[in-house]
Amino acid sequence: MFFTVFVIAVILDKVIGEFPNNIHPVVLIGKLIELLKRFFIDMNLYLSGILLFIAVFVVFFIINYALYQVVIYLPILFVVVIFGTLLSQSFSIKVLLDSAERIRYTLEQKDLNTSRREVSKLVSRPTENLQRNDLISATIESLTENITDSVVAPIFYYFAFGLIVISVFCYYHLFDDSFIITNLNLFIINNYGMDPNNKVIDIIFLSVLFAFVYRVINTMDAMVGYKNEKYKKIGYIPAIVDDIVNLIPARISGYLMIIASYILGMDWKNAYRILKRDSRNCDSPNSGYTMAACAGALDIQLEKKNNYVMGDPFKQIDTYDIRRAYNLSRWTIFLYLLLQVFLTALLFIIISFLF
């Protein structure tokens with residue numbers, strides 16, 4: 001069932017994408033942060049960031065505990081579908097890729113004003129005066145950077161929490177006989193019609209919750225993690241925590257992008273070279289990995305003025321590079337999903353033999 005929830009989530013993301021903003025969990029998390037930060041920002045203390053964290057998570061866990069108390073009494077099929085639906089909203093594959101394609105189309109139509117409006121939805125920098133090449137660069141930067149934030153990291157933490165807990169439970173024989181590992185109950189199906197109150201449902205729910213814990217941290221950093229006078233104290237702790245939780249996912253994403261560039265016949269050697277050289281050019285220690293790998297693979301230079309430059313301008317950047325970045329990003333995401341399937345299958349085989 002653990003893996004089934006993930007499969008449902010990926011399918012739902014592909015078919016329906018994201019919920020409308022008024023019911024989207026991540027948007028609601030952002031509104032909660034916006035509401036609570038008003039109580040702490042005037043403190044002008046580094047402690048205010050910690051208090052904001054605590055307040056947001058207390059409310060977050062109370063709401064989710066109440067939801068769980070309702071869900072566990074539903075039929076098991078409904079529970080799995082609900083968990084899969086919730087997990088699908090913790091990451092965003094379809095919307096991420098579609099947004100880049102939409103901007104590419106407006107740029108090819110030479111509609112700079114619409115392109116600027118679309119890019120402004122993806123980046124924090126002012127877009128009113130960005131020219132064509134700046135818009136292309138900003139689109140590719142946003143697309144590739146968000147592979148980590150919007151796709152790899154939430155799924156990584158869903159699997160990291162779930163698989164570690166499942167392994168520990170199996171090692172200490174904490175599962176009862178009503179769900180035998182060799183019947184795939186934990187991972188895929190529910191042969192015995194398990195009671196929704198058992199440990200498997202708890203693990204799946206907490207794994208989904210863990211994916212959203214990441215999104216809470218990431219959203220909080222996006223909203224208050226700035227180094228300006230207004231946010232430098234309240235945003236200090238959220239920014240550090242976000243850097244920590246993205247440490248592994250960012251590097252996985254960057255190196256998978258190099259592999260993807262090899263599969264697509266792009267300049268994978270240059271992708272590796274630029275990743276090693278330029279991935280630390282950003283203020284963030286993590287966001288540069290996929291951007292640098294993409295710039296190298298496409299033999300282009302990406303630039304956020306007065307902030308960072310990545311890659312070498314071997315060729316003039318063009319709208320077609322957005323399409324190439326789209327293909328590269330899509331393959332990077334596919335490779336990551338494949339990696340998670342492989343690791344889950346490997347763990348199942350190990351548990352089957354050992355326990």
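None of the figures in this text is laboratory data; all of them are computed from the coordinates on show. Keep in mind it's a predicted model, so treat the numbers as computed, not measured. All Cβ positions, even for glycine, are placed from backbone atoms using ideal geometry, and neighbour counts span all protein chains on display.
Near Asn113, within a Cβ-to-Cβ distance under 15 Å, what is the net charge of the other residues, with Lys and Arg +1 and Asp and Glu -1? List each step's numbers first, then the result.
Values: positive: Arg102, Lys110, Arg116, Arg117, Lys121, Arg132; negative: Glu108, Asp111, Glu118, Glu128, Asp134.
Once all neighbours under 15 Å are counted, the net charge is +1.
Summing +1 for each Lys or Arg and -1 for each Asp or Glu, what net charge is found among the other residues whose Cβ lies under 12 Å from the Cβ of Ile333?
Details: positive: Lys14, Lys94, Arg330; negative: Asp13.
Residues near Ile333 contribute +2 overall.
Please work out the C-alpha center-to-center distance from the stretch 44-110 to the stretch 264-316 and express it in whole Å.
The stretch 44-110 and the stretch 264-316 have Cα centres spaced 29 Å from each other.
Would you work out which of Val224, Tyr46, Phe314 lies farthest towards the positive end of the dipole of the chain, given +1 charges on the beta-carbon of Lys and Arg and -1 on that of Asp and Glu, about the Cα centre?
The listed residue farthest towards the positive side: Phe314.
With just the Cα atoms of the stretch 1-73, tell me how far they stretch along each of the three principal axes, in Å, largest first.
That gives 45, 27, 20 Å along the principal axes, largest extent first.
When Lys and Arg each count +1 and Asp and Glu each count -1, what net charge do the other residues less than 12 Å away from Arg273, Cβ to Cβ, add up to?
-1
If one puts a single equal scatterer on every Cα of the stretch 102-145 and applies the Debye formula without solvent, what log₁₀ I(q)/I(0) results at q = 0.20, 0.25, 0.30 Å⁻¹?
-0.49, -0.79, -1.16
Looking only at the stretch 310-340, which residues have a backbone nitrogen under 12 Å from a spot 7 Å from the Cα of Tyr171 in the C-beta direction?
none
Can you give the charge dipole size of the chain about its Cα centre, rounded to the nearest 20 debye, using +1 on the beta carbon of Lys and Arg and -1 on the beta carbon of Asp and Glu?
With only Lys, Arg, Asp and Glu charged at Cβ, the dipole is about 660 debye.
For Lys233, list long-range residues whose amide hydrogen, built 1.01 Å from N in the peptide plane, is under 5 Å from its own amide hydrogen.
none
Could you tell me the center-to-center distance, by alpha carbons, between the stretch 1-38 and the stretch 337-355 in angstrom?
If we compute the Cα centre of each part, the gap is 27 Å.
In the chain, with Lys and Arg counted as +1 and Asp and Glu as -1 at Cβ, which of these residues, Pro238, Phe161, Ile82, has the Cα nearest the positive end of the dipole, that is, farthest along it?
Of the candidates, Pro238 comes out farthest on the positive side.
Given (1) 48, 22, 18; (2) 36, 25, 18; (3) 31, 27, 17, which label gives semi-axes √(5λ) of the Cα gyration tensor in Å as computed from the coordinates?
Here semi-axes √(5λ) of the Cα gyration tensor in Å agrees with entry (2).
Can you find, among Val70, Val10, Met266, the residue farthest towards the positive end of the dipole of the chain? Put +1 on the C-beta of Lys and Arg, -1 on that of Asp and Glu.
Selected residue: Met266.
Binning at 10 angstrom from zero up to the longest distance, how are the C-alpha pair distances of the stretch 66-155 distributed in percent?
P(r) over the stretch 66-155, rounded to whole percents: 15, 35, 21, 15, 11, 2.
Beyond 32 Å between alpha-carbons counts as too far, so tell me which of Lys14/Lys305; Lys14/Lys121; Lys37/Lys276 fall in that bin.
Too far apart for the 32 Å limit: Lys14/Lys305; Lys37/Lys276.
Taking every pair of alpha-carbon atoms in the stretch 1-140, give the share separated by more than 25 Å as a whole percent.
Value for the stretch 1-140: 50 percent of Cα pairs lie more than 25 Å apart.
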